[in-house]
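Student: Have a look at the structure that comes next, please.
Quick note: the coordinates plus some simple rules give every number you see, no bench work behind them. Being a predicted model, the structure only gives us computed values, none of them experimental. Because the Cβ atoms are built from the backbone with ideal geometry, glycine has one as well, and the counts that use them run over all protein chains shown.
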Amino acid sequence: MTIRLIIACDHGGLELKETLKQALSESNVSLIDLGVHTSGSVDYPDLTHRLADKLTAGEADLGLLICGTGIGVSITANRHRGVRAALCTNSYMAKMSREHNDANVLCLGGRVVGAALGEEIVRTFLSSTFRGGRHSQRVSKIELR
Ligand code: RB5
């Protein structure tokens, strides 16, 4: 099954985004790249809101956001109803974010994780699935407030 993955970054995540795009080019991933494509300074909330709007509109299955630390994009993405963005610095977090939290957006720090670790985290995120069961009730409570 092909996964529609929508990705975006700011200038702090550009290098990692390009590396990951290359790494995923021969996988079962259909990429929608919202940019940025150049290294000029931008405001991470702008691209994050754009990605979140498209994801919640059903234009993609999962999202990947990259800024310098991953913090700004994760805070912003989680302001959107229906978005569960997980900032991950290792594969275990990526696996758990899908299996327990049904995360639909992975956030990475381009200045925090290197290319190899970033690729491992993304592949783990994409290949993990929500476990449901007791976790469904917990996830359903996230949106109540
Ligand atoms: C940009 O310098 C940096 O602040 C941004 O990429 C991100 O790390 C914010 O959380």
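Student: At 222 nm, what helix-only mean residue ellipticity would the chain give, in deg cm²/dmol to the nearest 500, using -39500 (n - 2.57) for each DSSP H run of four or more?
Tutor: About -12500 deg cm²/dmol.
Student: Something else: Treating the angle as unsigned and between 0 and 90°, give the value, to the nearest 10°, between the Cα long axis of helix 44-56 and the longest Cα principal axis of the chain.
Tutor: Helix 44-56 sits at roughly 50 degrees to that axis.
Student: Can you give me the angle between helix 115-127 and the longest principal axis of the chain, using Cα atoms only, in degrees from 0 to 90, rounded to the nearest 10?
Tutor: 30
Student: Using alpha carbon centroids, what distance separates the stretch 1-74 and the stretch 107-145, in Å?
Tutor: Here the answer is 15 Å between Cα centres.
Student: Modelled label-to-label distance, SER136 and ARG79, 7 Å Cα→beta-carbon offset: nm?
Tutor: Modelled inter-label distance: 3.3 nm.
Student: Compute the Cα gyration tensor for the stretch 89-145, then decide on rounded, prolate or oblate, letting a ≥ b ≥ c be the square roots of its eigenvalues: rounded whenever a/c is under 1.5, prolate when a/b is larger than b/c in the other cases, and oblate in all that remain.
Tutor: prolate
Student: Between helix 14-24 and the chain, what is the angle of the helix's C-alpha long axis to the longest principal axis, kept within 0 to 90° and rounded to the nearest 10?
Tutor: 70
Student: In what sequence, highest mean first, do 94-104, 7-17 appear when ranked by Cβ atoms within 10 angstrom? Walk me through the intermediate numbers first.
Tutor: On the way: 94-104: 20.1, 7-17: 24.0.
Those peptides, ordered most packed to least, come out 7-17, 94-104.
Student: When ranked by the protection proxy of mean other Cβ atoms within 10 Å per residue, highest first, what sequence do the peptides 112-122, 46-56 form?
Tutor: 46-56, 112-122
Student: Specify whether the C-alpha gyration tensor of the stretch 1-86 places it in the rounded, prolate or oblate class, a ≥ b ≥ c being the square roots of the eigenvalues: rounded for a/c under 1.5, otherwise prolate if a/b is larger than b/c and oblate if not. Intermediate results must be reported in sequence, preceding the final value.
Tutor: Details: a/c = 1.88, a/b = 1.06, b/c = 1.77.
Because a/c hits 1.5 or more and a/b fails to exceed b/c, the stretch 1-86 counts as oblate.
Student: Please state the shape class of the chain: rounded when a/c is under 1.5, otherwise prolate if a/b exceeds b/c and oblate if not, all from the C-alpha gyration tensor.
Tutor: prolate
Student: Which value, in debye to the nearest 20, describes the size of the charge dipole of the chain about its Cα centre when Lys and Arg Cβ atoms bear +1, Asp and Glu Cβ atoms bear -1, and nothing else is charged?
Tutor: Computed about the Cα centre, the dipole is about 700 debye.
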